[in-house]
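All remarks here apply to the structure that follows.
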Amino acid sequence: MARVIYVQPDGSSTTCAADGRSLMKVAVENLVPGIIGECGGDLSCATCHVFVDEAWFGKLKPRSDDEESLLDVTSEEPTETSRLSCQVTLTDDLDGIVVHVPSTQR
Amino acid sequence: MMEPTRDSRVLVVGAGQAAGELAGALRAGGHEGHVTLVGSEPHFPYTRPPLSKAYLRGEVAIAELYLRPADFYRDHDITVHRGVAVEWVDLHGRRAGCDDGSVLDWDRIVFATGGRPRRVADPGLESAGNVHYVRTIEDVERLRRTTIAGSRFAVVGGGYVGLEVAAVLRRLDARVTVIEAADRLLARVTSPVVSEFFLRVHTQEGVDVRLSAQVELFQVEDGNVSTVVLGDGSRIPVDQVLIGIGMVPNDEVAARAGLDVDNGIVVDEFCRTGTAGVYAIGDVARHPDPLNGGLRRLESMPNAAAQARLVAEDILGRGRPYNDLPWFWSDQYDVKLQAAGSSAGYDTVAVRGDAMSGRRFSVFYLRDGVVRAVDAICSPADFAAGKALIASSAVVPLSDLQDPSVPLRRRRSFTSEAS
Ligand SMILES: Cc1cc2nc3c(=O)[nH]c(=O)nc-3n(C[C@H](O)[C@H](O)[C@H](O)COP(=O)(O)OP(=O)(O)OC[C@H]3O[C@@H](n4cnc5c(N)ncnc54)[C@H](O)[C@@H]3O)c2cc1C
Ligand code: FES
């Protein structure tokens, strides 16, 4: 089990524990607001955008080309630490990862 | 309209994509009353797009199809009756009867019954052992139990589901013939440019595509279809047959209950039927088309999810009219199509990039100078730009749309290397 902390634009946060699933799935399963996942993780919608906390970004596997091009579709402007949360799997080495939910996804 | 109450009992007929989204949205929105889903499939709500894509390829596990794990429903006090069908609904007595004999009371009822594959009207086919449809997990598991590599598949119907399955079968080394009655692929859903493109891609990938082809006869031998005979007399020997000729909405229970039904359950822009407290969402809902007027039915996951969220809000007393931009995607081989808007009645087509070779371009559909729809092939930036243009009804010079070197939308770069 690993934990993930979703921080909302207003600063409130939700901590969830899961493993082996994507950060999008974990958010949806826990009714975390602001992460929609309209395509169910098929890299088609970009409604699962998150800003990964600087301290954690470097620990993630790099983005695929497909993810990079889809980040261009996000509703809120992406930054250097932007990820599509359906592409990030929650593994034990990410225990405690902090991600920030954008204020808009659509 | 009945006053919304936080403790009203919501009964959802169906437990598919829309039903699952609705249950989650009700709890997320603070609904405290009973939420009960009754679904005829033996599953918790799951998502269908991977059925003709990654799940058929064997790349994702069944657990990943489920919207949420079983614990979620228990933890959020959502009752899911699996493998149970609703047989009748009494709109005035506010009760519903199921095929397991149970009778359920409700204050709000939502029809989220989706659809079933349109079948070929051929009694011989119903009993044939090698005929497949793709709508459910069981359908795909049955297909995957057959020998795929080296086998001859006939795919009847050149729509999205048929073409996606054809693409996966080719990747798994099957020999595939696509039989389409119209004179182009995807005729109901896209323009000739995009149809031509997919014809080229499938042909390049080794699919034998037959257009304007009518099936004259499915020849059955020893309980299996052995040959598909076409109207022009050609004979296609087959090991397996896949039928993908569209979907029929499951609106019979609603019709028997006395609701207005016309190729789907007719609802208004709030997804409300004519009876207070009774809704329909997803593939089964025939709703007002804000883009073209009239009524339409959409068969897409974003539509099912958006209508589910809308009805959850309406039940919570915060309803708003449905005007989300329709969008859809399809994956075939290395090609991702993203489509948005409604191309009905377009008068001008702008092709951006090279549609005749390669696998990356987009098509914008305009009416009276305004972008109404976009089909983006491996071009997510154009998809995003297209959605923004459609939403704003912006007038863009045709030459800008047609010139890939003219950016349609400016964004700062998010990658450190490129900045
Ligand atoms: C192979 C395939 C690929 C697809 N790919 C895409 C894609 O790439 N992108 C996209 O946007 N969309 C795609 N779709 C469409 C998308 O899956 C549907 O739009 C979506 O599932 C609709 O959700 P729904 O809840 O309305 O219906 P469904 O998901 O069909 O759920 C309805 C459920 O209700 C049940 N039911 C019916 N009648 C009763 C009754 N009387 N009592 C109890 N239960 C009942 C049914 O058994 C079913 O389980 C695809 C569909 C298929 C089949
Ligand atoms: S869920 Fe659609 S891109 Fe991540």
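The values are calculated or read from the model by the stated rules, or taken from the named source; none is laboratory data. As the structure is a computational prediction, the values presented were derived from the model and not from experiment. In this analysis, Cβ positions are derived from the backbone assuming ideal geometry, glycine residues included, and neighbour counts consider all displayed protein chains.
Just checking, does the stretch B:2-10 include any residue being over 30 Å from B:Asp173 (Cα atoms), surrounded by fewer than 24 Cβ atoms within 10 Å (Cβ to Cβ) and of a type in the set (A, V, I, L, M)? Yes, that holds for at least one residue. The residues on offer are B:Val215, B:Val228, B:Val220, B:Val238, and the sole one that is touching a residue at least 60 places away in the same chain (Cβ under 8 Å) and closer than 24 Å to B:Tyr55 by Cβ is B:Val238.
Table: residues versus (1) more than 14 Å from chain B (Cβ to nearest Cβ); (2) more than 30 Å from B:Ala306 (Cβ to Cβ); (3) in contact (Cβ under 8 Å) with a residue 12 or more places away in the chain.
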site: A:Val73; (1), (2), (3): no, no, yes
site: A:Ser82; (1), (2), (3): no, no, yes
site: A:Val88; (1), (2), (3): yes, no, yes
site: A:Asp92; (1), (2), (3): yes, yes, yes
site: A:Val98; (1), (2), (3): yes, no, yes
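Filtering the stretch B:299-330 to residues that are closer than 30 Å to B:Leu169 by Cα and buried (at least 22 other Cβ atoms within 10 Å of the Cβ) leaves B:Met301, B:Pro302, B:Asn303, B:Ala304, B:Ala305, B:Trp327, B:Trp329, B:Ser330. Is it fair to say B:Pro69 is of a type outside the set (Gly, Ala, Ser), near ligand 1 (Cβ under 10 Å from one of its atoms) and in the same structural domain as B:Gly282 (by TED's automatic domain parsing)? Criteria not met by B:Pro69.
Picking from residues in the stretch B:298-334 that are part of a helix (DSSP H, G or I) and of a type in the set (S, T, N, Q), the one that is nearest to the other protein chains (Cβ to nearest Cβ) is B:Asn303. Among the residues of the stretch B:16-32, those identified as in a loop (DSSP other than H, G, I, E, B), more than 8 Å from ligand 1 (Cβ to nearest atom) and touching a residue at least 40 places away in the same chain (Cβ under 8 Å) are B:Gly29, B:Gly30, B:His31.
This table checks each residue for (1) within 16 Å of ligand 2 (Cβ to nearest atom); (2) closer than 14 Å to B:Leu242 by Cα; (3) assigned to a helix (DSSP H, G or I); (4) in contact with a helix residue (DSSP H, G or I) (Cβ under 7 Å, 6 or more places away or on another chain).
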{"site": "B:Val120", "(1), (2), (3), (4)": "no, yes, no, no"}
{"site": "B:Arg135", "(1), (2), (3), (4)": "no, yes, no, no"}
{"site": "B:Val140", "(1), (2), (3), (4)": "no, yes, yes, yes"}
{"site": "B:Asp173", "(1), (2), (3), (4)": "no, no, no, no"}
{"site": "B:Thr177", "(1), (2), (3), (4)": "no, yes, no, no"}
{"site": "B:Ala182", "(1), (2), (3), (4)": "no, no, no, no"}
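For the condition under 14 Å from B:His43 (Cα atoms) and of a type outside the set (A, V, I, L, M), B:Pro117 does not qualify. Checked against the criterion of being without any contact (Cβ under 8 Å) to a residue 60 or more places away in the chain, touching a strand residue (DSSP E or B) at 6+ places or on another chain (Cβ under 6 Å) and crowded, with 16+ Cβ neighbours inside 10 Å, the candidates A:Cys39, A:Cys45, A:Cys16 yield just one match: A:Cys16. A search for C-beta distances below 9 Å between a residue of the stretch B:44-57 that is under 18 Å from B:Leu242 (Cα atoms) and without any contact (Cβ under 8 Å) to a residue 24 or more places away in the chain and any residue that is assigned to a loop (DSSP other than H, G, I, E, B) and β-branched (Val, Ile, Thr), counting only pairs 6+ apart in sequence or on different chains, returns B:Pro50/B:Val60; B:Ala54/B:Val60.
Being more than 16 Å from B:Val10 (Cα to Cα) and more than 24 Å from the chain's Cα centre (by Cα) is the filter; apply it to the stretch B:75-87 and report the residue that is farthest from ligand 2 (Cβ to nearest atom). So, considering only residues that are more than 16 Å from B:Val10 (Cα to Cα) and more than 24 Å from the chain's Cα centre (by Cα), the one farthest from ligand 2 (Cβ to nearest atom) is B:Glu87. For the stretch A:17-59, taking the residues that are under 26 Å from B:Arg48 (Cα atoms) and part of a strand (DSSP E or B), the one that is farthest from the other protein chains (Cβ to nearest Cβ) is identified as A:Val50. Among residues of the stretch A:12-26 being modelled with pLDDT of 95 or more and more than 10 Å from ligand 2 (Cβ to nearest atom), the one that is farthest from the chain's Cα centre (by Cα) is A:Ser12. In this structure, A:Ile97 does not qualify as closer than 23 Å to B:Phe72 by Cα and within 16 Å of ligand 1 (Cβ to nearest atom). Just one residue in the set B:Thr47, B:Thr36 is polar (S, T, N, Q), surrounded by 15 or more Cβ atoms within 10 Å (Cβ to Cβ) and closer than 21 Å to B:Ile109 by Cα; that residue is B:Thr36. Looking at the stretch B:78-90, can you tell me whether even one residue there is within 14 Å of chain A (Cβ to nearest Cβ) and either among the hydroxyl-bearing types (Ser, Thr, Tyr) or surrounded by 15 or more Cβ atoms within 10 Å (Cβ to Cβ) (or both)? Yes. For A:Pro62, are the conditions met, namely being in a loop (DSSP other than H, G, I, E, B) and more than 10 Å from chain B (Cβ to nearest Cβ)? Considered against the rule, which asks whether it is in a loop (DSSP other than H, G, I, E, B) and more than 10 Å from chain B (Cβ to nearest Cβ), A:Pro62 comes out as yes.
Please go through the stretch B:242-270 and pick out each residue that is crowded, with 18+ Cβ neighbours inside 10 Å, more than 18 Å from the chain's Cα centre (by Cα) and not in a strand (DSSP E or B). Scanning the stretch B:242-270 gives B:Val253, B:Ala254, B:Ala257, B:Leu259, B:Val267, B:Phe270. If I filter the stretch B:94-110 for residues that are modelled with pLDDT of 95 or more and either among the polar types (S, T, N, Q) or within 26 Å of A:Ala27 (Cα to Cα) (or both), do I get at least one hit? Looking through the stretch B:94-110, at least one residue is modelled with pLDDT of 95 or more and either among the polar types (S, T, N, Q) or within 26 Å of A:Ala27 (Cα to Cα) (or both). Does B:Thr348 meet the test of being hydroxyl-bearing (Ser, Thr, Tyr), under 30 Å from A:Thr81 (Cβ atoms) and in contact with a helix residue (DSSP H, G or I) (Cβ under 9 Å, 6 or more places away or on another chain)? Spelling it out, it is not the case that B:Thr348 is hydroxyl-bearing (Ser, Thr, Tyr), under 30 Å from A:Thr81 (Cβ atoms) and in contact with a helix residue (DSSP H, G or I) (Cβ under 9 Å, 6 or more places away or on another chain). When the residues of the stretch A:65-89 are filtered to those that are part of a loop (DSSP other than H, G, I, E, B) and in contact with a Leu (Cβ under 6 Å, 6 or more places away or on another chain), which remaining residue is nearest to ligand 1 (Cβ to nearest atom)? Checked the stretch A:65-89; the qualifying residue nearest to ligand 1 (Cβ to nearest atom) is A:Val88.
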